[in-house]
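Taking it in order: structure first as structure tokens, then the write-up.
Since every read-out is calculated from the coordinates, none of them should be taken as a lab result. Not measured: the values here are computed from a predicted model. When we count neighbours, we look across all protein chains shown, and the Cβ atoms used for this are built from the backbone with ideal geometry, even at glycine.
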């Protein structure tokens, strides 16, 4: 009876659930078995019949589950998951159940979304015993990864004998591999044709031969081996579609014909190829090449999609203070708040979950709060009452992105600046906009009002790229230059009494010399200066002879209180006098009426004049930024507080400042601490509606790319049409990952490098780091222990190259066996990596032995490391350097530059260039260079020609002037992973005739970027803004890359075995050029002159 009663209940439950199901979209990374499809939706795995219908969720972790693949028998699904914090390989029964973790390893640190996830599942071995996946875990370069096999029974992963790889597919007999040699499927760059535009290659594991089966200039990616055919994606006809290569006929044909959306992430199963297009899943039958959409429904509650309340105190973007200091003003997550200094209510004065309100400022009279908002669909300027009522839209003509605002002291006008490089005035009563300046060089973001609201001082750049201060008159509309174009001047601030214009300028020339060569550098150049606005005014710093000099004496508490009272009275009087100040400026000779402050040189910013005092922030190359005040009465500087972000109330009596993560409002005094005035931000709560936010973020991303993209024509793309095309997918977003994908697809239509999107309100999965020992292991089947195959030698004085097993007192050798960690014997299942889970940067006890046995083992305490990337990089570089040294009998030096970053690539260049500058020639290796901006510094040193030699008595070695001059030939190595400034470096090397470039065509992405503008949920969007072109006025490199003088493609099998054909060619070429070198050489000391 129970069973009979249960059946109709179950039927009606399913009927009820189906009635609320809807056809789903944005179904990602599908794979099919004989009768099921598995896919990713909202970050979890779902399974559905191959005929479609209601899908069932089988994973529910906080992280993302990606790239599911059915086992050949359909019993299991391998996938990449974050269950235990790290992204690793798991398997799960195809009907659902408990996942089993197969790998224990760490990705490289801080890898951005555009590099793709780690541990991407490619498929299974034909017998279903192992999972094939791609990982970066034992390599140093974030763009590169290797292929591995891991047994479903656990154990060490087996590395396939290829130096690096992208997507791959095993042949039905497992003897061959169809694969991409490059991985770039997560780059948001459509129709790419640069050096990384890959082909489909077949690698034979037995013969170690490789064959290119596509050989096309377009992108041919994601091979899928089915019987005697290899399917793949290609954009050779503009849109990504599936093509098929017949191994028998050697012919290629197009299978799908989509023209709106690209086909994305297809995968092959036992009977079908599953793929996504426009967010839907399709099944393709390789036996007939027919394909059709599968209608899939999902009925889930998606709790993360529900609107919720969230405290946003950690997302504050800007702050201000009310005129009387009674409240703070904040923008956070697109909302604007006022917070009481002491008692009172926290007010959200905008309360618009789907709008980005930002950059609020409080009018000096306290009546208005002005801010920028995109509620109209563009960035317009608004004002409202401090309680959020009475909102008025001041502008309706937005043509671009507006940055921020500044109130006039009389509260009647606003200054505004935008991406069109314009500065203008907005009258809040008439809404009239008065242009002040349109820069020819850069955005105008540094400006201020005079106390009488009749003048505006601002900074613009002249053609020599020096910032110069100008003053604009509201009455006449005229603009005058007030600082010299020979010195960088900025941060203007009118004095409260209207007599002076203070500013910061770089006029302190105290050259220092670098440690490696006699070459100058300048630091801490700025001080505070001023100009008198009338010829008759004297400098406020001038010593007053009639004023008796006062000795510094300890003050009693009563004296201190009296001084504070006088200061308060002075501020009040100043406030009253502000309205009486009328500034007249004598521009004749103003540039020369400069005086300086008796303060140390350093880096100054954020000047604010209050009465007879000037407040500012100073830092230096040796000091962190702090808040200071200069008193014109005593002519002395005082450190006020240990903070640097602040705003002072309009009445000059209160200050709001940030210290660490907290905000404070307190009296403006000569000493300010954090013992009182801390603001309570606990009620700074917004109502987060994810769907509404995602719509806004999508729209703002579209606008920002429209407004900032280097080409105003956006490469000829119909940008409005692109918005409509991808907005169609927005209603189907169920996860921030979906939004990132949609925006990425949209910006990818611009066909440009450096268009990146990521971040945002993603689920936070705390990693559980794996401790590492800086070694490679080999499993010893008989004993279950691990033979140490290789110990990576480090530079143990640097943490990133510290090698735990080589530190003093640790007598561990290659060939020893690692048998135990922290008392746990190792085994096939208990690998060294699993035993070191959650033991990164910690001391552990290891037992090693020269034989595979616990008996007689040696015990050491070692401190693990968190990443082996630095060690593996050092090992690769030193191997190459020693190889060149040996092959050239010590004549030729070798330098690898990993990127063009100031804190990494430049350091590596310096470490290797100066010690080898007296070699007879140099090989500069630019392969795998991730870009940056220091290539001009390196090029300047490489292109030097010897003009002067020098020698002193008793010196046997002749030196050069300058010290570092390479007098021999040089060559440059490049490959498809030489990118960005790593593209520009070999271009300069070749164009300037420094030497030949050898290798493969480079990446081809040279439209530069800067930091992201703010988004509601903290995400980012990188907009290609800074174009590079040649001195001949022609575009260079972008979308193409640099073609080397001598093209050499390393054979993958040989490279894996340690043979570097590109490096060998560089050695061959440079040795030949050494014989014909015509550069001036270091001469011998000539005969000494006779001058009797």
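Seen against the Cα atoms of the chain and their longest principal axis, helix 869-887 is set at about 80 degrees. With the helix formula -39500 (n - 2.57) applied to DSSP H stretches of n ≥ 4, the chain reaches a computed 222 nm mean residue ellipticity of -4500 deg cm²/dmol. Take the Cβ atoms of residue 850 and residue 1049, set R0 to 56 Å, and the FRET efficiency comes out at 0.85.
Sort 189-196, 329-336, 285-292 for me by packing, meaning the mean count of neighbouring Cβ atoms within 10 Å per residue, highest on top. Spell out each step's value before the answer.
Values: 189-196: 22.0, 329-336: 25.1, 285-292: 13.1.
Those peptides, ordered most packed to least, come out 329-336, 189-196, 285-292.
Separation of the stretch 966-984 and the stretch 430-464, taken as the distance between their Cα centroids, equals 43 angstrom.
Calculated FRET efficiency, residue 101 to residue 1064, Cβ-Cβ distance, R0 = 45 Å: about 0.60 to the nearest 0.05.
Angle of helix 736-748 to the longest C-alpha principal axis of the chain, folded into 0 to 90 degrees and rounded to 10: 80°.
Considering the stretch 118-253 at the alpha-carbon level, its Rg and Dmax are found to be 14.7, 44 Å.
Here, the stretch 205-330 has an Rg and a Dmax of 24.9, 84 Å when only alpha carbons are counted.
Across the stretch 2-302, the mean sequence separation of Cα contacts (distance under 8 Å, 6 or more residues apart), normalised by length, yields a relative contact order of 16 percent. Across the stretch 704-765, C-alpha contacts under 8 Å between residues 6 or more apart give a mean separation that, scaled by the residue count, equals a relative contact order of 32 percent. Principal-axis analysis of the Cα atoms of the chain puts helix 690-708 at an angle of about 70° to the longest axis. Taking the average, over residues, of other Cβ atoms within 10 Å as the packing measure, peptides 270-277, 624-631 rank 270-277, 624-631 from highest down. Of all DSSP bridge pairs formed entirely within the stretch 2-302, close to 95 percent run antiparallel. Label reach from residue 858 (point 7 Å along Cα→C-beta): in the stretch 778-807, amide nitrogens under 13 Å belong to 805-807. The stretch between residue 228 and residue 511 holds 94.9 nm of extra length on full extension. This uses 0.36 nm per residue minus the Cα-Cα distance. Both radii come from the Cα set of the stretch 2-302: Rg as radius of gyration, Rh as Kirkwood radius; their ratio Rg/Rh reads 0.97.
Model label sites at residue 903 and residue 918, defined 7 Å from Cα along the beta-carbon direction, differ in position by 3.5 nm. From the alpha carbon centroid of the stretch 772-804 to that of the stretch 153-194 is 26 Å.
Three principal axis extents describe the C-alpha atoms of the stretch 902-1058; from largest down they are 69, 41, 35 Å. Computed over the chain, the convex hull of the alpha-carbon atoms projects to a mean area of 58.5 nm².
For a modelled paramagnetic label at residue 73, 7 Å from Cα along Cα-to-Cβ, the residues of the stretch 170-186 in reach, with backbone nitrogen under 20 Å, are 172-174. If the chain linking residue 685 and residue 445 were pulled fully straight, counting 0.36 nm for each residue of separation and taking away their Cα-Cα distance, it would gain 83.3 nm. Please give the FRET efficiency for residue 484 paired with residue 434, using the beta carbon to beta carbon distance and R0 = 30 Å, rounded to the nearest 0.05. With R0 = 30 Å, the Cβ-Cβ based efficiency is 0.60. Inter-label distance, residue 343 to residue 790: 7.1 nm, where each label sits 7 Å from its Cα along the C-beta direction.
Using 0.36 nm per residue of separation minus the Cα-Cα distance, give me the extension gain between residue 365 and residue 206 in nm, one decimal. Each step should come with its number before you reach the end.
Details: separation 159, 0.36 × 159 = 57.24 nm, distance 8.24 nm.
Fully extending the segment from residue 365 to residue 206 adds 49.0 nm.
Each label point was placed 7 Å from the Cα along the Cα-to-Cβ direction; for residue 782 and residue 258 their separation is 5.5 nm. Take each peptide in 513-524, 394-405, count the other Cβ atoms within 10 Å of every residue, and average; sorted highest first, the result is 394-405, 513-524.
Across all C-alpha atoms in the stretch 775-865, the radius of gyration and Dmax reach 12.3, 38 Å.
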